[in-house]
Amino acid sequence: MEFKIFSGQFSAGLAKKIAKELGQKLGRIEFRKFSDGEIWLRYKEDIKGRDIFIIQSFPSPAENLLELLLMIDAAKNSSARRITAVIPYFGYARQDKKDQPGTPVSAELITNLIRTAGADRILTIDIHSDRVLKFFKSPAENLSADMIFIKEIKKHLPKLPKDLVVLAPDAGSVKMARSFAASLGNCGIAVIDKERQKLNQVKIKKISGKIKNKSVIIVDDIIDTGNTLIAAAEIAKKKAAKKIYACVTHPLFFGKAIEKINKSSISKLFITDTLPFSFGKKSTPPHLYLGSGGKKIKIISVAPLLAQAIRKIHKN
Ligand code: R5P
């Protein structure tokens, strides 16, 4: 059985890199819009009986998710043998429980939609909550970007400081921080007790762990407004950290996040390309143009990691 890689429009840049890693060309899909904005799409290749991998991250707007659902449905209706939804950034994963009366469990609904559309499997990276994978009730794999970050850190700091501490900016990132610290040779970890006052506002209640005179690496899954990261960097600086680095998988970079990061005490921020954007030159949508900022920011591609996982899934 042959396998084929297809992509939604939002993730086309990353998908091309993945296909190249796999020695393939990206499968052809035609996308159009009706005058009222409704999406129309069509596979321009025969996918009957094939093992299909559809790559699409879906931050808002919801069109990105909708496009993924329509691609899955079209593949199912074209008798693809197996469909894997490769979702580098899984939107809505932060809404994995009913946090107040009257709120939806958004991540569960979206996972159900992906399954109902016809996906047999999900592959993602550093999903905000493992609960979301369980909602899928079929094989769902979550890769970790920690090894690619660590490889890059080692390039940046060939002599790893002996005084390294991994800082989790909230309770949700402790698991990621532990795995990071273990891969860095069991260095120490510190944890921030963060309180969300409003949707995108954070307040630090306390920090546990020693960071005085240490080199700190803040790790997190998402930068949205940048408030969590900046608050973590500020407290690390206040507690006399020597140098501050950060590794964050999904750069949503809402609003003035880049400016805030450039002004902060973070020396270097490592991010991945699960979300597409460009610095320096204007690119055509759907890529997000982030101006000439981002001097401190280094982008590391997850394409080799995803390509390897796709190869393994294909070979069962
Ligand atoms: C939340 O629990 C996540 O792990 C991130 O810390 C959060 O989404 C980052 O958001 P922001 O950049 O707006 O603080």
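The values are calculated or read from the model by the stated rules, or taken from the named source; none is laboratory data. Since this is a predicted model, take the numbers as computed values, not measurements. Ideal geometry is used to build each Cβ from the backbone, glycine not excepted, and the neighbour counts take in all protein chains shown.
Quick one: which strands (runs of 3 or more DSSP E) lie wholly within the stretch 1-115 and hold at least 2 residues that are within 23 Å of His128 (Cα to Cα) and without any contact (Cβ under 8 Å) to a residue 60 or more places away in the chain?
Numbers: elements: 3-7, 29-33, 39-43, 51-55, 82-87.
Where strands (runs of 3 or more DSSP E) fall fully within the stretch 1-115 and carry at least 2 residues being within 23 Å of His128 (Cα to Cα) and without any contact (Cβ under 8 Å) to a residue 60 or more places away in the chain, they are 82-87.
Among what's in the stretch 148-172 and is closer than 21 Å to Ala93 by Cα and out of contact with any helix residue (DSSP H, G or I) (no Cβ under 9 Å at 6 or more places or on another chain), pick the residue that is nearest to the ligand (Cβ to nearest atom).
Filtering the stretch 148-172 down to residues closer than 21 Å to Ala93 by Cα leaves 168-172.
Within this subset, residues satisfying the condition of being out of contact with any helix residue (DSSP H, G or I) (no Cβ under 9 Å at 6 or more places or on another chain) are 171-172.
Details: Ala171: 8, Gly172: 4 Å.
Taking the candidates together, the pick is Gly172.
So Ser173 ticks every box in (1) crowded, with 23+ Cβ neighbours inside 10 Å; (2) among the polar types (S, T, N, Q); (3) farther than 29 Å from Gly209 by Cβ but one. Which box is left unticked?
(3)
Name the residue that is farthest from Leu160 (Cα to Cα), counting only residues in the stretch 204-231 that are crowded, with 22+ Cβ neighbours inside 10 Å and more than 20 Å from the chain's Cα centre (by Cα).
Of everything passing the filter in the stretch 204-231, Ile211 is farthest from Leu160 (Cα to Cα).
Which ones in the stretch 215-258 are more than 13 Å from the ligand (Cβ to nearest atom) and out of contact with any helix residue (DSSP H, G or I) (no Cβ under 9 Å at 6 or more places or on another chain)? Steps first, answer last, please.
If we filter the stretch 215-258 for residues that are more than 13 Å from the ligand (Cβ to nearest atom), which is where we start, we get 215-217, 235-245.
Residues satisfying the conditions are Ser215, Ile235, Ala236, Lys237, Lys238, Lys239, Ala240, Lys242, Lys243.
Hey, could you check the stretch 20-45 for residues that are closer than 21 Å to Lys315 by Cα and out of contact with any Pro (no Cβ under 8 Å at 6 or more places or on another chain) and say which is surrounded by the most Cβ atoms within 10 Å (Cβ to Cβ)? Show your work before the answer.
Initial filter on the stretch 20-45 (closer than 21 Å to Lys315 by Cα): 20-27.
Okay, now just the ones that are also out of contact with any Pro (no Cβ under 8 Å at 6 or more places or on another chain), so 20, 22-27.
On the way: Lys20: 14, Leu22: 19, Gly23: 7, Gln24: 16, Lys25: 12, Leu26: 17, Gly27: 21.
This residue is Gly27.
Considering Ala232, Ala236, which residue is more than 21 Å from Thr274 (Cβ to Cβ), assigned to a helix (DSSP H, G or I) and touching a residue at least 60 places away in the same chain (Cβ under 8 Å)?
Working: Ala232 fails: more than 21 Å from Thr274 (Cβ to Cβ).
Answer to the check: Ala236.
Cβ-Cβ distance below 7 Å, separation of 6 or more or different chains: which pairs start in the stretch 165-179 with a residue that is part of a helix (DSSP H, G or I) and end on one that is within 6 Å of the ligand (Cβ to nearest atom)?
Ser173/Asp220; Ser173/Asp221; Met176/Asp221
Only one of these conditions is not met by Leu41: (1) within 19 Å of Thr124 (Cα to Cα); (2) touching a helix residue (DSSP H, G or I) at 6+ places or on another chain (Cβ under 8 Å). Which number is it?
With respect to (1) within 19 Å of Thr124 (Cα to Cα); (2) touching a helix residue (DSSP H, G or I) at 6+ places or on another chain (Cβ under 8 Å), Leu41 is out only on (1).
Please tell me if Thr124 is outside the structural domain of Asp170 (by TED's automatic domain parsing) and closer than 21 Å to Leu305 by Cα. Explain how you work it out, then say what you get.
On the way: outside the structural domain of Asp170 (by TED's automatic domain parsing): yes; closer than 21 Å to Leu305 by Cα: yes.
Considered against the rule, which asks whether it is outside the structural domain of Asp170 (by TED's automatic domain parsing) and closer than 21 Å to Leu305 by Cα, Thr124 comes out as yes.
Taking Thr111 as the residue in question, decide whether it is β-branched (Val, Ile, Thr), under 19 Å from Glu67 (Cβ atoms) and assigned by TED's automatic domain parsing to the domain that holds Ser60. It would help to see each step written out before you state the result.
Details: β-branched (Val, Ile, Thr): yes; under 19 Å from Glu67 (Cβ atoms): yes; assigned by TED's automatic domain parsing to the domain that holds Ser60: yes.
It is true that Thr111 is β-branched (Val, Ile, Thr), under 19 Å from Glu67 (Cβ atoms) and assigned by TED's automatic domain parsing to the domain that holds Ser60.
Between residues in the stretch 193-213 that are assigned by TED's automatic domain parsing to the domain that holds Ile244 and in a loop (DSSP other than H, G, I, E, B) and residues that are at pLDDT 75 or above and among the acidic types (Asp, Glu), which pairs lie under 8 Å by C-beta distance while being six or more apart or on different chains?
Short answer, once both residue conditions are applied: Asn200/Asp224; Asn213/Asp163.
Which of the numbered conditions does Lys154 fail, given that it passes all the others? Conditions: (1) under 15 Å from the mean Cα position of the chain (by Cα); (2) without any contact (Cβ under 8 Å) to a residue 12 or more places away in the chain.
(1)
Out of the residues in the stretch 180-203 that are crowded, with 16+ Cβ neighbours inside 10 Å and within 15 Å of the ligand (Cβ to nearest atom), state the one that is nearest to the chain's Cα centre (by Cα).
Phe180
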